[in-house]
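Here is the structure we will look at, set down as structure tokens.
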Amino acid sequence: MRPHPWLGFAAPCLISLCLGAAFAWAGPAHTVLDDSQQTVTVPAKAQRIADGWYAHHVLLMTLGAGGKIVATVNHERSQPWMFQVQPSLRQAVSVPGTAFSGESLLAAKVDLAFVSTGDRNALAYQQAGIPVVRVGFKDLAGLEHALTLTAQALGDPVAVQRAATYNTYLEKQRATVKARTANLTEQQRPRVLHIASLNPLKVDGDNTLIDDWIHLAGGRNAATGLHGNLQLVSPEQLLAWQPDVLILAADAGDIAQSPASALLQQLTAVRQGHVLRNPAGVFPWDRYGTEIALQLPWAAQQLHPDLFKDIDLNAMTVDFYQRFFDYPLTPAQAGRMMAGLRPE
């Protein structure tokens, strides 16, 4: 049993919590190299997980480990499909923001924590004696690596196999979409602007997963000169860019209710009706979860319907949720997800 660093001066009630955390470490441990290039010693097989990155929950669920999450930063009001597919999250410790207290994690007997790279709370968890794996990615290849890393950290051969199965599936989707859009000329690739929020107005630039799927789906990112996710811009900047297509995140809001509605109505894409609502399921398809494997064919079919008219997105979605989330999604539920709607 590994002694806890606080035992020398902890109060009796805290000692019992620390002993509970130490007990979870029984058995041989192993090491992983996380995405911040730190070597982390993790339990032989993690059983009770704290996840401090909103998107990473989806990776754990894809690996069949969603039921091991006992501390979460997600909430049912903002991610209703996630909690419907993984109802055990309703019993997890929940916090606003991304900061857990060390005491709450010890009380929950957490034996492994995942956070995004750069999360400043990681050090506090480590000081509480909890191993922390930092995860981050900016493109599809990075997602595949993050899923494999997560599976390795779990210490579960079933999770490792599920990661390999998903990565193969994603590569197939990527190859199919890329092959069909490979011969498009620059002029045939519409300029796409992805809007994460209308109030405040935030869009996604290059060096992002969003930029990656826009290009793979046969488009061009209209946000030229903009770098990174969720960047604040002015409505006048959108007028300067004049995108051919607007894709609104599922929870981005409505243009008609935007404070900048009068200006946004002047966009060619709005006047011509080229405004799309992005699907959202366990996590928004357009952002940093494994449902990016559905986002690729969805976006490609929206931008180039003639090239992808044979793809049945509803059936593909039903199959995906059964295959990777072990969830019997109905065609009607799949339709609601693709419309960016909440569960009934």
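What the table below lists for this structure:
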{"quantity": "Backbone HN-Hα couplings from phi across segment 255-260 [Karplus 6.51/-1.76/1.60, Hz, Gly and Pro as x]", "calculated": "4, 4, 9, 6, x, 9"}
{"quantity": "For the chain, share of DSSP beta bridges that run antiparallel, in % to the nearest 5", "calculated": "30"}
{"quantity": "Globularity index of the chain, i.e. its alpha-carbon radius of gyration over 2.2 N^0.38 Å", "calculated": "1.06"}
{"quantity": "Whole-number D in µm² s⁻¹ for segment 206-344, Kirkwood Cα-pair radius fed into Stokes-Einstein, 25 °C, 0.890 mPa s", "calculated": "153"}
{"quantity": "Segment 108-166-segment 238-253 distance, computed between alpha-carbon centres (Å)", "calculated": "33"}
{"quantity": "Residue 133 long-range amide H proximity, modeled H, under 5 Å", "calculated": "113, 114, 115"}
{"quantity": "Using a Förster distance of 41 Å, the FRET efficiency for residue 90-residue 271 (Cβ separation, nearest 0.05)", "calculated": "0.40"}
{"quantity": "Extreme residue, positive dipole direction of the chain, given options 154, 234, 337 (C-beta unit charges)", "calculated": "154"}
{"quantity": "Estimated vicinal HN-Hα couplings, Hz - segment 51-62 in sequence order (Karplus 6.51, -1.76, 1.60; Gly, Pro = x)", "calculated": "10, x, 10, 3, 6, 5, 3, 5, 5, 4, 5, 4"}
{"quantity": "With at most 12 neighbouring Cβ atoms within 10 Å, loop trypsin sites (Lys or Arg not before Pro) (DSSP) excluded, longest segment of the chain", "calculated": "121-308"}
{"quantity": "Computed [θ] at 222 nm, deg cm²/dmol, the chain (DSSP H ≥ 4; -39,500 (n - 2.57); rounded to nearest 500)", "calculated": "-11000 deg cm²/dmol"}
{"quantity": "At R0 = 30 Å, FRET efficiency that the Cβ-Cβ distance of residue 171 and residue 120 yields, to 0.05", "calculated": "0.30"}
{"quantity": "Quotient of Cα Rg and 2.2 N^0.38 Å for segment 83-137, N being how many residues it contains", "calculated": "1.17"}
{"quantity": "Contour excess over end-to-end distance, with Cα ends at residue 215 and residue 98 and 0.36 nm allotted per residue", "calculated": "39.0 nm"}
{"quantity": "For segment 129-288, radius of gyration divided by Kirkwood radius, i.e. Rg to Rh on alpha-carbons", "calculated": "1.04"}
{"quantity": "Inter-part distance where segment 293-318 and segment 265-286 are each reduced to a Cα centre, Å", "calculated": "15"}
{"quantity": "Residue 139 long-range amide H proximity, modeled H, under 5 Å", "calculated": "none"}
{"quantity": "³J(HN,Hα), Karplus 6.51/-1.76/1.60, whole Hz, each residue of segment 238-247, x for Gly, Pro", "calculated": "5, 5, 5, 6, 6, x, 7, 9, 10, 10"}
{"quantity": "Cut-off under 5 Å, modelled amide H: who pairs with residue 191 long-range", "calculated": "220, 244, 245"}
{"quantity": "Among the listed pairs 138/309; 45/202; 68/172; 138/172; 45/138; 178/202, those beyond 31 Å (Cα-Cα)", "calculated": "45/202"}
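Every read-out reported here was derived from the displayed coordinates using simple, explicitly stated rules and does not represent laboratory data. Please read these numbers as outputs of a predicted model, since none were measured by experiment. So basically every Cβ, Gly included, is an ideal-geometry build from the backbone, and we count neighbours across all protein chains shown.
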